[in-house]
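Written below as structure tokens is the structure these notes are about.
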Amino acid sequence: MTLFSLFRRTRELLWFTGVLLVLGQLAAPAYGSYAEREDVRAWISAQVEAHGLDAAAVTSTLNGAKRQESILKAIARPAERVLTWDEYRRLFVEPMRIEQGLAFWNTHAATLDRARMRFGVPPEYVVAIIGVETRYGRVTGSYRVLDALATLGFDYPPRATFFRGELLALLLMAREEGLDPATLKGSYAGAMGYGQFIPSSFRAYAIDFDADGHRDIWGNPTDAIGSVANYFARHGWARDGLVAAPLGAADASAAQRASGWTDDSLELNFTAGALRAAGWKLPPLADDQASELLLLDGAQGKEVWAALPNFYVITRYNRSRLYALAVHELAGALRDRYAAANNGVSAR
């Protein structure tokens with residue numbers, strides 16, 4: 001190929017690429033300001049009337065909200081393969097997360113103990129939640145919460161009602177706390193801070209645990225710790241109550257028997273007395289103690305667990321049995337390491 005032919009070919013490719021770029025821009029949908037859309041303006045009017053919001057301020061806020069295509073792609077992404085319990089456990093109960101959790105606990109031991117005294121939630125469970133959610137504040141999300149909730153509220157019909165409700169909660173939260181909603185960062189679904197509270201959860205459960213006049217779950221671990229403990233307490237955490245108990249490995253016969261005591265709900269549908277009468281060896285529990293069996297795929301095969309009321313409370317944070325059990329197991333690992341590091345002194 002001569003130098004001239006190479007030049008001509010390069011020029012043709014550049015011209016063709018330019019045409020494609022122009023055509024792509026012409027074909028791409030144009031999205032203006034959310035505040036210019038008729039459906040959004042109607043929503044604004046309804047919230048102003050119902051909640052006494054300032055129309056000009058809300059319009060200005062939504063005028064600055066940006067539709068984020070990456071959020072729509074993330075939420076519409078096909079569900080990943082469901083992890084087994086063994087895979088889920090190894091994802092969250094791993095050495096680095098335990099080491100980081102121990103450091104977080106040591107740094108905030110006094111605050112965690114104060115939360116335990118006030119709310120009855122052991123430190124290891126508060127630390128474990130924050131560890132699973134954000135690696136102790138290291139990964140809290142980089143999206144503007146305003147963008148996330150506007151995008152999902154107005155451009156994602158399957159969950160529009162939910163996310164519009166969270167957008168309203170964000171605006172009310174900003175008014176109550178004196179915050180600029182455009183400055184708050186979080187996940188692509190609008191979860192915020194150390195413990196990943198959505199705005200409605202912030203309004204209901206976040207607390208000013210250091211009494212400085214602000215509820216700050218983004219940069220203040222004291223408030224974050226108190227807020228997670230308060231969330232658990234408000235959802236019925238039983239002080240000194242058990243979370244879950246391993247009942248051992250299950251062979252084919254035991255697995256078959258256990259399957260009759262499990263279902264897909266997160267409810268505790270049985271009692272300890274009923275399970276005990278059926279031959280399951282439970283920890284010392286009152287016969288009327290609400291209970292449920294879990295049949296899970298562990299590292300060595302099927303495992304049977306007894307789930308108890310505090311386990312159910314953890315599922316109020318994230319509606320997943322595997323999540324709740326991972327929090328429980330991480331909490332146990334943290335408790336053991338903390339006790340070993342403190343000459344066997346329990347954190348309780």
Would you mind counting up the charge near ARG234? Only other residues with Cβ under 13 Å from its Cβ, with Lys and Arg at +1 and Asp and Glu at -1. +3
Here are labelled values, (i) 38, 27, 17; (ii) 27, 26, 21; (iii) 44, 28, 22, and one is the computed semi-axes √(5λ) of the Cα gyration tensor in Å for what I pasted. Which one? (iii)
Quick check: pseudo-label points 7 Å beyond the Cα along Cα→Cβ at GLU69 and GLN100, how many nm apart are they? 3.1
Mean separation of Cα contacts under 8 Å (6+ apart) over length of segment 78-209, as relative contact order %: 22
Label-point separation (nm) for ASN343 and GLU87, each offset 7 Å from Cα along Cα-to-Cβ? 4.6
Taking only Cα atoms and a 10 Å spring cutoff, compute GNM fluctuations for the chain and point out the largest among TYR88, TYR143, TYR205. TYR88
Once phi is turned into ³J(HN,Hα) by the Karplus curve 6.51 cos²θ - 1.76 cosθ + 1.60 with θ = phi - 60°, what whole-Hz value does each residue of segment 127-139 show in order, with x for glycine and proline? 4, 5, 4, 5, x, 5, 6, 9, 6, 6, x, 7, 10
When ranked by the protection proxy of mean other Cβ atoms within 10 Å per residue, highest first, what sequence do the peptides 239-245, 320-326, 276-282 form? 320-326, 239-245, 276-282
Sorted by average packing, counted as other Cβ atoms within 10 angstrom per residue and highest first, what order do 190-202, 72-84 take? 190-202, 72-84
Which FRET efficiency value, to the nearest 0.05, is calculated for THR183 and ALA50 with the Förster distance at 22 angstrom and r the Cβ-Cβ distance? 0.30
With a/c under 1.5 counting as rounded, go ahead and sort segment 95-143 into rounded, prolate or oblate using the C-alpha gyration tensor (a ≥ b ≥ c being the square roots of the eigenvalues; past the cut-off, prolate if a/b is larger than b/c, else oblate). prolate
So which residue, out of LEU285, LEU330, LEU149, gets the largest mean-square fluctuation from a GNM of the chain using Cα contacts under 10 Å as springs? LEU285
Helix 109-119 vs. the chain, principal-axis angle (Cα, 0 to 90°, nearest 10): 70
Loop-located GluC sites (Glu not before Pro) in segment 249-348, at most 12 other Cβ atoms within 10 Å (DSSP): GLU267
Scattering profile of segment 69-234 from the Debye formula, Cα beads only, expressed as log10 I(q)/I(0) at q = 0.13, 0.18 Å⁻¹, is -0.68, -1.16
Net lengthening on full extension, GLU176/ALA204 (0.36 nm per residue, minus Cα-Cα): 8.9 nm
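Coordinate-derived values only; no laboratory data. Every value quoted in this text rests on a predicted model; they were computed, and no experiment measured them. Please note: Cβ atoms are built from the backbone with ideal geometry, for glycine as well, and neighbour counts cover all protein chains shown.
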